[in-house]
Each structure stands twice: as structure tokens, then as C-alpha cells.
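K.L.:
I'd like to ask some things about the structure below.
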Amino acid sequence: RALFLAAALMAPLPALAQANAAGSASAAVVAPIAVRQIADLDFGVIASGPGQAGSVTILPGVAAPRYGGGAQQACSAQGECPVPHFASFEVSGEAGRSYAIAAPASVVLSSESGVSLRVDGIGLRSASRPDAGPAGRLDPAGRDRFDLGGTLRLPAETAPARYRVSIPVIVTYS
């Protein structure tokens with residue numbers, strides 16, 4: 001038996017079929033995308049009618065606010081109060097690249113005394129692609145701008161105060 005095993009080990013083995021292939025690796029490095037705030041979303045100074053709920057809508061890219069229900073602009077002359085306006089942001093990065101914008105659909109503003117108001121219907125509009133919603137394309141210099149607006153909801157008997165909130169926005173290449 002040992003002799004048979006030794007003979008089997010010394011016998012030539014049949015050739016095995018062999019194939020080779022090579023893969024590759026690659027990487028593309030682009031300029032990082034960045035976003036910078038230019039202007040805050042400001043609903044201005046609002047008077048709320050007694051016993052009436054109201055709203056103020058500021059659309060992205062549209063200068064004039066819309067007042068509804070018991071809400072109205074508190075100042076009649078320009079210069080007496082801040083002019084209501086949408087928020088604006090500047091985006092920079094790799095020239096010609098498309099990007100997506102993420103922002104919450106709604107936020108809650110609070111006063112120092114803890115009273116809160118809701119802003120909903122938050123919308124986005126880029127300068128490069130105004131009808132594309134939360135998307136844009138960087139120009140040949142690697143820049144673009146987008147605006148953010150929304151609707152402030154005022155319950156009846158809203159307490160006079162200054163209301164604030166931070167609205168996070170995120171931009172990513174798409």
C-alpha cells in the first residue's frame with residue numbers, strides 16, 4: 001500500500017485550465033461643495049388681527065409677501081420696519097456639477113418666553129434651475145445661488161414677541 005501511494009504521488013498530474021483577468025481602480029477628485037448664507041428668511045413685522053388666525057407667505061425668489069386671514073404688515077412706510085424677504089444662500093464647488101438641496105419641510109420658531117409659531121411649506125428655488133425644486137447646477141465659475149421661503153402660521157391672539165429658529169440646509173453633489 002505504501003508503494004502504491006508513493007507511485008500515485010509521482011505520477012504526472014493532468015494540466016489544469018487557467019484564465020487570467022485584471023481589474024482596475026479609479027478615482028475622481030472634485031472641488032468640495034460648500035454653502036454660505038447670504039440673507040435670512042424674514043417675515044417682517046406683522047400685526048395680527050384680534051381673534052383671527054393669519055399667515056404670511058414668502059415664496060423663494062418672489063419679493064412680495066402674501067398676507068392671509070388676520071395677518072397684515074405692521075408698517076405702512078418703507079424704512080420703518082424690516083422689509084420681508086426670502087432667505088438666500090450661495091453654493092460653490094466643481095464647475096458644471098449638479099447639486100441637491102435638503103431642508104426641512106417645516107420648522108417651529110420660538111420666542112424668548114417659549115411661545116412658538118410654525119413655518120411650513122418650506123420651498124427652495126435655485127438661480128440656475130428655478131423650476132427644478134431643490135436642485136441646481138454650478139456655473140462655469142463653480143457658483144450658484146438658491147432661495148428659501150415658506151408660510152408663517154399665526155394663531156389667533158399671537159403673543160407679541162420676536163420669534164426665531166435656525167433652518168438647516170444641506171447641499172450635496174447629485
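K.L.:
Calculate what fraction, in whole %, of the accessible area of the chain sits on carbon and sulfur atoms when a 1.4 Å probe is rolled over the protein chains.
P.N.:
56 percent
K.L.:
Tell me the net charge near Leu117. Cut-off is 15 Å between Cβ atoms, Leu117 excluded, with +1 for each Lys or Arg and -1 for each Asp or Glu.
P.N.:
0
K.L.:
For P(r) over Cα pairs in 10 Å bins from 0, in percent, one of [x] 9, 28, 22, 13, 6, 4, 4, 5, 4, 3, 2, 0; [y] 9, 28, 19, 13, 13, 10, 6, 2, 0; [z] 10, 38, 34, 15, 3, 0 was computed from the structure I shared and the rest are decoys. Which label?
P.N.:
[x]
K.L.:
Report, in debye and to the nearest 20, how large the dipole of the chain comes out about its Cα centre when Lys and Arg carry +1 and Asp and Glu carry -1 on their Cβ.
P.N.:
560 debye
K.L.:
Hey, can you find the accessible area per residue of the chain for me, probe 1.4 Å, expressed in square angstrom?
P.N.:
Per residue, the chain has an accessible area of 64 Å².
K.L.:
Modelled label-to-label distance, Ala63 and Ser24, 7 Å Cα→beta-carbon offset: nm?
P.N.:
Output for this residue pair reads 5.4 nm.
K.L.:
For the chain, modelled as a GNM with alpha-carbon contacts under 10 angstrom, which of Val29, Val62, Val91 fluctuates the most?
P.N.:
So, out of Val29, Val62, Val91, the one fluctuating most is Val29.
K.L.:
Can I ask one more? Could you pull out the longest piece of the chain with no exposed loop trypsin sites (Lys or Arg not before Pro) in it, calling a site exposed if DSSP puts it outside H, G, I, E, B and it has at most 10 other Cβ atoms within 10 Å?
P.N.:
2-161
K.L.:
Of Gly133, Gly69, Ala156, which is farthest on the positive side of the dipole of region 53-174, counting Cα position, with +1 on Lys and Arg Cβ, -1 on Asp and Glu Cβ, and the Cα centre as origin?
P.N.:
Of Gly133, Gly69, Ala156, it is Gly133.
K.L.:
Add -39500 (n - 2.57) for each DSSP H run of 4 or more in the chain, then divide by its residues: what number comes out at 222 nm, to the nearest 500 deg cm²/dmol? Write out the running numbers ahead of the final one.
P.N.:
Values: 1 runs with 9 residues, N = 174.
So the calculated ellipticity at 222 nm is -1500 deg cm²/dmol.
The values are calculated or read from the model by the stated rules, or taken from the named source; none is laboratory data. Remember, it's a predicted structure, so these values are computed and weren't measured experimentally. So basically every Cβ, Gly included, is an ideal-geometry build from the backbone, and we count neighbours across all protein chains shown. Only protein heavy atoms, including side chains, enter the accessible area calculation; ligands, DNA and RNA are left aside. Shrake-Rupley method; radii C 1.70, N 1.55, O 1.52, S 1.80 Å.
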